[in-house]
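The values are calculated or read from the model by the stated rules, or taken from the named source; none is laboratory data. As the structure is a computational prediction, the values presented were derived from the model and not from experiment. No Cβ is skipped: glycine too gets one built from the backbone with ideal geometry, and neighbour counts run over all protein chains shown. Calculation scope for accessible area: heavy atoms of the full protein, side chains included, ligands and nucleic acids excluded. Shrake-Rupley method; radii C 1.70, N 1.55, O 1.52, S 1.80 Å.
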Amino acid sequence: MSEPKKLFIKTYGCQMNVYDSERMVEALGGNGYVQVDTPDQADMVLLNTCHIREKAAEKVYSELGRLRPLKEANPNLKIGVAGCVAQAEGEEIMSRMPLVDLVVGPQAYHRLPAMEKAVAEGRRAVDTDFPEEDKFDTLNERPRATRGPTAFLTVQEGCDKFCAFCVVPYTRGAEVSRPVERIVKEARDLVQAGVREITLLGQNVNAYHGHDRGLAGLIWDLADIDGLDRIRFTTSHPNDMDDALIDAFGDCSKLMPFLHLPVQSGSDKILKAMNRKHTRDDYLRLIDRIRAKRPDLMLSSDFIVGFPGETDQDHQDTLQLIRDVTFGQAFSFKYSSRPGTPAAERPQLPEDIKTERLYELQALLTQQQKAAQDGMVGREVEVLFEKKGRMPGQVVGKSGFLHAVYVQGPESMIGQIARVRIVESGPNSLGGVLV
Ligand code: SAH
Ligand code: SF4
Ligand code: F3S
């Protein structure tokens, strides 16, 4: 048997890229590749990229710059760019970056094995189509190796919403849902390999329409799988939170009490300019309805500050919405102008205003996050242990609320769910004792 070839893959961006990278490693496994942890000895380096903000996209070009000496030292090294930058700037990468051998967009990963063969023969290969066939149908099935206790599972891809700031509808294409049977089979295989918690992924995961009862229907089907103890989903859009899904937070014990529901802004004027198609009040009423079903729900969101046209009053409205809702955690970003999106054409705000607003917003969110964590002290929660902690004799896992929890305990607890009393709250995690 010939030596396996070595593949180094670096993943940027969202969890869907993490899932896709795993699939690409498996697909290239069929071409004789094994995954390695550094690019130094690799025969192929793949960058799975993100285009969401300018900084994210720039990282790709600086990483390609760092790879140049490796390629000079080893002319047989193949370099590929996958993901959303590949989709958005594929042709440009090929013309500007002769060191790149392969460009593959997010919907064409099932064609990667064939492209790799072309590249091995010394050709360059580009595929940024949105093909008819479902890439996950023809990508290799997940091997039955043992896995950690948590896994991602993509159920839906793409977006039809066209928020005025966002590249995703262009890089990932239109909304597509995978069939229920395939998802259930993949989930069963994961559980057999040791997985106890699955996070369902989609750019708009609650727009899932592969089941006649939508995402809630899928969740209920998955809840029937013995050995699967926890279900989560991300990312959802407020306009796709239907009654069945809201009810599931109250009725389905396997659905964890954590919801990432991006609102972006608390100003009606800005929400409209963003093309979010909901108001601040719609969001607040929705949160009330979900909390009526699950009062201890931990909420998370994304915020953009400095969107074109945002006044100080609009910013204050966002701060007020944060105070009205109270988030357990959140992500916040300065608006980044993206070529080809409608908002990029509008007059932009100065950088220092964006910076100032971001600090103010993050200070409030950090305060709320700390309060949510401190509020856990004295409570008992169930923790699914995932790995060893930093200190000897320590294991770490996640509570249902997605807090990282450390306890003193044997390594054999990894993969187990245990009751833990929270005794301390640190900057980014909780400490507890087994009960
Ligand atoms: N599908 C998800 C989010 C996808 S992108 C949703 O609709 O919520 C993740 C987050 O990146 C977004 O929620 C938004 O807050 C942020 N984002 C997207 N485009 C951006 C841009 N041009 N500038 C700054 N942040 C952006
Ligand atoms: Fe982007 Fe909006 Fe679609 Fe989310 S809903 S992926 S923010 S266009
Ligand atoms: Fe980035 Fe594409 Fe995900 S732009 S956030 S990798 S969908």
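When the accessible area of region 168-259 is split by element with a 1.4 Å probe, what percent falls to carbon and sulfur?
About 46 percent, which is the carbon plus sulfur part of the accessible surface.
Under 37 °C and 0.692 mPa s, how fast does the chain diffuse according to Stokes-Einstein, given a Kirkwood radius computed over C-alpha pairs? Answer in µm²/s, whole number.
Here the translational diffusion coefficient equals 142 µm²/s.
How much of the pair distance distribution for region 135-374 lies past 31 Å, counting alpha-carbon pairs only, in percent?
Here the long-distance tail beyond 31 Å is 28 percent of all Cα pairs in region 135-374.
log10 I(q)/I(0), Debye, Cα-only region 192-296, no solvent, q = 0.11, 0.12, 0.22, 0.24 Å⁻¹?
Here log10 of I(q) over I(0) equals -0.36, -0.43, -1.21, -1.37.
How large a share of the accessible area of region 285-345, in percent, is made up of carbon and sulfur atoms when the probe is 1.4 Å and the other protein chains stay in place?
48
At 1.4 Å probe size, with no ligands or nucleic acids counted, give the accessible surface of Met413 in Å², nearest ten.
Answer for Met413: close to 30 Å² accessible.
Arg346 accessible area, nearest 10 Å², 1.4 Å probe?
Number for this one is 80 Å².
Using Cα pairs closer than 8 Å and at least 6 residues apart in sequence, work out the relative contact order for region 380-434, in percent.
35
Would you mind checking which residues have amide H under 5 Å from Val103's amide H? H placed 1.01 Å from N; only 5 or more apart, or other chain.
Here Val81, Ala125, Val126, Asp127 satisfy the definition.
Where the Cα atoms of region 5-127 are projected onto their three principal axes, how long is each span, largest first, in whole Å?
34, 28, 25
Which value results when the Cα radius of gyration for region 298-360 is divided by 2.2 N^0.38 Å?
Normalised Rg, Cα atoms only: 1.17.
Could you work out how much longer the chain between Arg182 and Glu72 gets when fully extended? Use 0.36 nm per residue separation minus the Cα distance between them, nm to one decimal.
35.3 nm
So if I restrict to the alpha-carbon atoms in region 208-255, what is the Rg, and what is Dmax, the biggest pairwise distance, in Å?
Cα radius of gyration and Dmax of region 208-255 are 10.4, 32 Å respectively.
Any idea what Rg and Dmax come out to for region 9-60 if you just take the C-alpha atoms, in Å?
11.9, 35
Using 0.36 nm per residue, how much length does the chain from Tyr359 to Phe331 gain when fully extended, once their Cα-Cα distance is taken away?
Contour length minus the Cα-Cα distance gives 8.9 nm.
Can you pull the Kirkwood radius for region 389-435, inverse mean 1/r over Cα pairs, to one decimal in Å?
10.6
At what distance in nm do the modelled label points of Arg213 and Glu380 sit from each other, each positioned 7 Å from its Cα along Cα→Cβ?
3.1
Kindly report, to the nearest 10 Å², the accessible surface of His211 as traced by a 1.4 Å probe over protein heavy atoms only.
Spelled out: His211, probe radius 1.4 Å, area about 20 Å².
Normalising by the residue count of the chain, find the relative contact order in percent from Cα pairs under 8 Å and 6+ residues apart.
Reported relative contact order: 10 percent.
Label Asn275 and Thr366 with points 7 Å out from Cα along Cα→Cβ: what is the distance between them in nm?
So the label points at Asn275 and Thr366 sit 3.5 nm apart.
Once the convex hull of the alpha carbons of region 228-369 is built, what does its volume come to per residue, in cubic angstrom?
115
Per residue, how much accessible surface does the chain expose to a 1.4 Å probe? Answer in Å², no decimals.
In whole numbers, the chain has 44 Å² accessible per residue.
Excluding Gln316 itself, calculate the net charge of residues whose Cβ lies under 14 Å from the Cβ of Gln316, where each Lys or Arg counts +1 and each Asp or Glu counts -1.
Net local charge, Gln316 excluded: -4.
Based on alpha-carbon atoms only, what is the radius of gyration of region 116-205 relative to the globular estimate 2.2 N^0.38 Å?
Computed over Cα atoms of region 116-205, the ratio equals 1.33.
If the convex hull of the alpha-carbon atoms of region 317-435 is projected onto planes in all directions, what is the mean projected area in square nanometres?
Dividing the Cα hull surface by four gives the mean projection, 10.1 nm².
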